[in-house]
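The values are calculated or read from the model by the stated rules, or taken from the named source; none is laboratory data. Given the structure is predicted, the values throughout are model-derived calculations rather than measurements. Note: ideal-geometry Cβ built from the backbone for every residue, glycine included; neighbour counts use all protein chains shown. Surface areas here come from the heavy atoms of the whole protein model, side chains and all, with no ligands, DNA or RNA. Shrake-Rupley method; radii C 1.70, N 1.55, O 1.52, S 1.80 Å.
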Amino acid sequence: MTKSPIGGNRSGRKLGQKVKKGKLKASSRRWIERHINDPYVQRAQLEGYRARAAFKLLEIDEKHKILAGARRIIDLGAAPGSWSQIAAKVTNSTDADPRVAAIDFLEMDPIPGVRFLQMDFLDPEAPEMLKQAIGGTPDLVISDMAAPTTGHRQTDHLRTMHLCEVAAHFAVDVLAKGGHFLAKTFQGGTERDLLNMLKQNFRQVIHVKPASSRAESVEMFLLAKDFKGRQAADSEETAEDAAAE
Ligand SMILES: C[S@@+](CC[C@H](N)C(=O)[O-])C[C@H]1O[C@@H](n2cnc3c(N)ncnc32)[C@H](O)[C@@H]1O
């Protein structure tokens, strides 16, 4: 169970710290102040997670139970690695019997039991390499991928939405029947075609916003649960087409 760190400060560091005015730009100073005073950042340090993002996955799991029973997990946009840390733990993954494959174009320090590919997920070879790295059928695909910011909000938004869409098609291509897909998206950003595709392939499709996702951020997560399986989704589609004719 995830405990809310709000109001608490178990890392021993005081909240409400200010960064001295100096050479830093005001916006950079504000970012640092927000970071060092963020209770989730402090709690991540205390609990040995590489990023506060860990609590987004844990909070979503607390409500929607996607980690329990997962035997193989693919983590897209994994660096610095807190979701992969959780994935390795829940699958009991080891270097001898790896059950987690992760990808990021940034470097990531090794995590025992995690096969890491440092490459662009949009590289046409990435899907096949991930399938080989996981060495079996995954029952969970998680994507926290966010496109690097360009400063142009709409461009960033569209790029991240594109990543979400490519990740969704990848999930449908690799998941085991009954598996789940979780991906970062933006409020109001999920395209209708993508939602329809997911609804055709999963028994439940919802948007979730964990408490640890900053309220001022438009970030949301798209959760597609209980994959129908490739044949089942195909035959349902054929039946719908036949009924429509
Ligand atoms: C919010 S961070 C992920 C944090 C991670 N879930 C964790 O718990 O540590 C998003 C990551 O997505 C990665 N990313 C964005 N676009 C990508 C792409 N096309 N291919 C691979 N990784 C990508 C970024 O490099 C970044 O490290």
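Quick one: which of D61, D75, D109 is more than 19 Å from A224 (Cβ to Cβ) and acidic (D, E)?
D109
Cβ-Cβ distance below 7 Å, separation of 6 or more or different chains: which pairs start in the stretch 93-111 with a residue that is part of a strand (DSSP E or B) and end on one that is at pLDDT 95 or above and of a type in the set (S, T, N, Q)?
V100/S84; V100/T91; V100/S93; A102/S84; D104/Q118
Is it true that some residue in the stretch 153-164 is hydroxyl-bearing (S, T, Y) and in contact with a Cys (Cβ under 8 Å, 6 or more places away or on another chain)?
Looking through the stretch 153-164, none of the residues is hydroxyl-bearing (S, T, Y) and in contact with a Cys (Cβ under 8 Å, 6 or more places away or on another chain).
Please tell me if E47 is without any contact (Cβ under 8 Å) to a residue 24 or more places away in the chain and either within 16 Å of the ligand (Cβ to nearest atom) or touching a Ser or Thr at 6+ places or on another chain (Cβ under 7 Å) (or both).
So E47 fits the description; yes.
Filter the stretch 185-206 down to the residues that are at pLDDT 95 or above and part of a strand (DSSP E or B), then identify the one that is farthest from the chain's Cα centre (by Cα).
So the residue we want is R203.
Output the residues belonging to the stretch 148-178 that are under 15 Å from the mean Cα position of the chain (by Cα) and surrounded by 16 or more Cβ atoms within 10 Å (Cβ to Cβ).
Result: T160, M161, L163, C164, E165, V166, A167, A168, F170, A171.
So is K131 part of a helix (DSSP H, G or I), open to solvent by 30 Å² or more (accessible area, probe 1.4 Å), touching a helix residue (DSSP H, G or I) at 6+ places or on another chain (Cβ under 9 Å) and over 16 Å from A87 (Cβ atoms) or not?
Considered against the rule, which asks whether it is part of a helix (DSSP H, G or I), open to solvent by 30 Å² or more (accessible area, probe 1.4 Å), touching a helix residue (DSSP H, G or I) at 6+ places or on another chain (Cβ under 9 Å) and over 16 Å from A87 (Cβ atoms), K131 comes out as yes.
Could you list, in sequence order, the residues of the stretch 144-171 that are at pLDDT 90 or above, of a type in the set (D, E, K, R) and part of a helix (DSSP H, G or I)?
R159, E165
Look through D139, D120, D109, D97 and report the one residue that is open to solvent by 50 Å² or more (accessible area, probe 1.4 Å), away from the ligand (no atom under 12 Å from the Cβ) and over 19 Å from M220 (Cβ atoms).
On inspection, the qualifying residue turns out to be D97.
Restricting attention to helices (runs of 4 or more DSSP H) lying wholly within the stretch 12-84, give those where 3 or more residues are modelled with pLDDT under 95, of a type outside the set (V, I, T) and surrounded by fewer than 21 Cβ atoms within 10 Å (Cβ to Cβ).
Where helices (runs of 4 or more DSSP H) fall fully within the stretch 12-84 and carry at least 3 residues being modelled with pLDDT under 95, of a type outside the set (V, I, T) and surrounded by fewer than 21 Cβ atoms within 10 Å (Cβ to Cβ), they are 26-36, 39-47.
Evaluate the following for V114: is it touching a Ser or Thr at 6+ places or on another chain (Cβ under 6 Å) and either within 12 Å of the ligand (Cβ to nearest atom) or not small (G, A, S) (or both)?
Taking the combined requirement at face value, the residue satisfies it.
Given the criteria closer than 21 Å to T91 by Cα and hydroxyl-bearing (S, T, Y), does T137 qualify?
Answer is yes for this residue.
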